[in-house]
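Read the structure below first, then the notes.
The values are calculated or read from the model by the stated rules, or taken from the named source; none is laboratory data. Note that the coordinates shown come from a computational prediction; the quantities given were computed from them, not determined experimentally. Positions of Cβ are generated from backbone atoms using ideal geometry, with glycine treated the same way; all protein chains shown enter the neighbour counts.
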Amino acid sequence: MVTIIDAKECRMGRLATSVAKRLLNEEEIAVVNAEKAVVTGKEKQIKEEYERKRDVGSSRKGPFYPRMPHMILKRAIRGMLPYQKPSGRKAYKRLRVYIGVPKEFEGKKFEYVEEAKRPASYATRLDELSNFMGAKI
């Protein structure tokens, strides 16, 4: 059974930690509305940080940092997992992240991560951030 989590207006880091813990407990999780998740902080600093992450390394060898909002969220969740170990890789394979709500999940009940829903005074949505980085959504 797949657990469907709605990322709308959730803080990305808090959402990623709770999803990573649940993945390590062998749950299958699908995160929808990834583009509506938010990164807290001053907008200028956030954009500078993600631009620096994107430009690090070479175009041939990497590291490659994603531009699309669902892949940014998936990469944040991967950072919370022990990805270099077999348990972390198995957990990562149980994760699906979507832009919007796919047809297979329409009409189903979504879960919300309450600790990630706290209001933030400074926040940038992932779709704004990915448009800044050059993604075509």
(message) All but one of (1) touching a strand residue (DSSP E or B) at 6+ places or on another chain (Cβ under 9 Å); (2) assigned to a loop (DSSP other than H, G, I, E, B); (3) within 22 Å of residue 11 (Cβ to Cβ) hold for residue 67; state the number of the condition that does not hold.
(response) (1)
(request) State yes or no: is residue 56 out of contact with any Gly (no Cβ under 6 Å at 6 or more places or on another chain), modelled with pLDDT of 95 or more and among the aliphatic types (A, V, I, L, M)? (result) no
(request) Looking only at segment 3-26, decide whether some residue is farther than 14 Å from residue 130 by Cβ, touching a residue at least 24 places away in the same chain (Cβ under 8 Å) and over 16 Å from the mean Cα position of the chain (by Cα). (result) yes
(message) For the condition within 30 Å of residue 105 (Cα to Cα), among the basic types (Lys, Arg) and modelled with pLDDT of 95 or more, what is the one hit in 85, 74?
(response) 74
(request) Need at least 3 residues that are farther than 18 Å from residue 119 by Cα per element, so show me which strands (runs of 3 or more DSSP E) inside segment 1-58 make the cut, counting only ones lying wholly within it. (result) 2-6, 28-32
(message) Suppose we filter segment 77-127 for residues that are part of a loop (DSSP other than H, G, I, E, B), within 24 Å of residue 40 (Cα to Cα) and of a type in the set (Ser, Thr, Tyr); how many remain?
(response) 4
(message) Between a residue in segment 84-109 that is over 14 Å from residue 19 (Cα atoms) and any residue that is of a type in the set (Phe, Trp, Tyr) and not in a helix (DSSP H, G or I), which pairs come within a Cβ distance under 7 Å, given they are 6 or more apart or on different chains?
(response) 89/83
(request) Kindly check whether there is at least one residue in segment 58-66 that is under 18 Å from residue 3 (Cβ atoms) and exposed (fewer than 15 other Cβ atoms within 10 Å of the Cβ). (result) no
(message) Let me confirm something: among 97, 113, which residue is modelled with pLDDT under 95 and surrounded by 15 or more Cβ atoms within 10 Å (Cβ to Cβ)?
(response) 113
(message) Quick check on segment 27-56: of everything there that is under 15 Å from residue 92 (Cβ atoms) and among the β-branched types (Val, Ile, Thr), which residue is nearest to the chain's Cα centre (by Cα)?
(response) 31
(request) Among residues belonging to segment 116-137 that are among the aliphatic types (A, V, I, L, M) and either closer than 13 Å to residue 37 by Cβ or at pLDDT 95 or above (or both), point out the one that is surrounded by the most Cβ atoms within 10 Å (Cβ to Cβ). (result) 126
